[in-house]
Amino acid sequence: MINVVFGLDDNFAKHCGATIVSILDNHKMDTENDKIHFFILGNLSQDNKNKFLELKKIQNFEMDFIGIDINEFRGLPVLKFISLATYNRLLIPELLPENVEKAIYLDCDIIVKKDISLLWNINVKEHLIAAVSDNYGYFNAGVLMFNIKALREFDFYNKWKEYVKHNEVVWVDQDILNAVLAGRVLYIPPNWNLPYGTLLKKGKYYNRKYLKTFISFSYIIHFSASDKPWHALCPHPLKKYYFKYAFMTPWKNEIKQYSAFIVSIEFIKKLFKYWLAHPIFFIKPKFWQRLNEKGYLMAIF
């Protein structure tokens, strides 16, 4: 059984649905050992729970919903585009059943392009966690492999609780995980969690020259920046992968209506503001060149 964990609230249920569909669509289940067991950590409505279970039409799986006591995170900071639910993953060793010794954790702004079993089969026995490192040894917490058995023996729960009492936390649970688990991390290939800036040219806009290479190299697409595919005029060139799988979920009508309306309104507003500042912009060659480079007129879906 392959254990996959998500931490979320009702606001992210629809997006988590897209992530799960991408996993199921790319996973080959030959035997019962290949079946995926999803653990959803968060306080969800019954309607969203029922919609998650509808995804069994794509491929059979097991799913458990585990409620969270939000008082566990009282006093911890949140960011503008990150909810308190981001801390849910810190409770994974405590809340998962005793017989679960290993689990993959994924953020809900992720699309999986490869068979999840390839990640599951990475040996993490000598470490507490597996993750993708940046150039400075700091790892992004969006894709993690938890060695749950070892984390329980390590007393991870009490260690992170003690850490937040005496240290400033900026990048929410990611800072906590990096600090508490330092020296006990297995760094895995970057294919599993490429950084947001990989496709950026001079840190400003996406470089289409390397887009095909990026697509073939990435096993997971992680929309880790504040602009998500479901936000108006998100410039990410791979957002079509999100919509491909989101439209296969029970939330598809909600997502279609939201994205089409918001993107249309926001585009008109931005175009009007630009016209007020640059009334003859359309006859300037450099305008069309910049527009093509930044990709703001890419297809919505």
Alpha-carbon spread of the range 39-186, three principal axes, descending order, Å: 46, 34, 31
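So what's the projected area for the range 132-192, the Cα convex hull averaged over all directions, in nm²?
Numbers: hull surface 17.6 nm².
With the hull built on Cα positions only, its mean projection is 4.4 nm².
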Entries in LYS28/LYS51; LYS49/LYS212; LYS51/LYS239; LYS49/LYS240; LYS35/LYS228 that, when Cα-Cα distance is taken, lie over 27 Å: LYS49/LYS212; LYS35/LYS228
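Compute the signed sum of charges (Lys and Arg +1, Asp and Glu -1) over the other residues within less than 10 Å, Cβ to Cβ, of ALA18. Intermediate values should be presented prior to the final figure.
Values: positive: LYS14, LYS244, LYS252; negative: ASP109.
Every neighbour counted, the sum reads +2.
What whole-number value in cubic angstrom gives the convex hull volume per residue for the C-alpha atoms of the range 1-110? Don't skip to the answer; put the middle values down first.
Numbers: hull volume 10.8 nm³, N = 110.
Each residue corresponds to 98 Å³ of Cα convex hull volume.
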Neighbour net charge for PHE223 - beta-carbon separation under 10 angstrom, K R +1, D E -1: -1
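Summing +1 for each Lys or Arg and -1 for each Asp or Glu, what net charge is found among the other residues whose Cβ lies under 11 Å from the Cβ of LEU84? Kindly include the intermediate steps, with their values, before the conclusion.
Details: positive: ARG74; negative: ASP9, GLU72, ASP173.
Charge balance in the 11 Å sphere: -2.
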Whole-angstrom gap from the range 12-43 to the range 106-176, using each part's C-alpha centre: 19 Å
Once Lys and Arg get +1 and Asp and Glu get -1 on their Cβ, which of ASN167, LEU128, VAL100 lies farthest toward the positive end of the dipole of the range 55-178? VAL100
Would you please give the FRET efficiency between LYS35 and ASP227, computed as 1/(1 + (r/R0)^6) with r the Cβ-Cβ distance and R0 = 35 Å, to the nearest 0.05? 0.50
Whole-Hz Karplus couplings 3J(HN,Hα) for the range 175-183, θ = phi - 60° and coefficients 6.51, -1.76, 1.60, Gly and Pro as x, run 4, 5, 4, 4, 6, 6, 9, 3, x
For ILE215, placing the label point 7 angstrom along Cα-to-beta-carbon and taking the range 90-123, residues whose amide nitrogen sits under 14 Å are 113
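Every number in this text was worked out from the coordinates using simple rules, so none of it is lab data. Note that this is a predicted model, so its numbers are computed, not measured. Methodologically, a virtual Cβ is constructed for each residue, glycine included, from the backbone with ideal geometry; neighbour enumeration extends over all protein chains shown.
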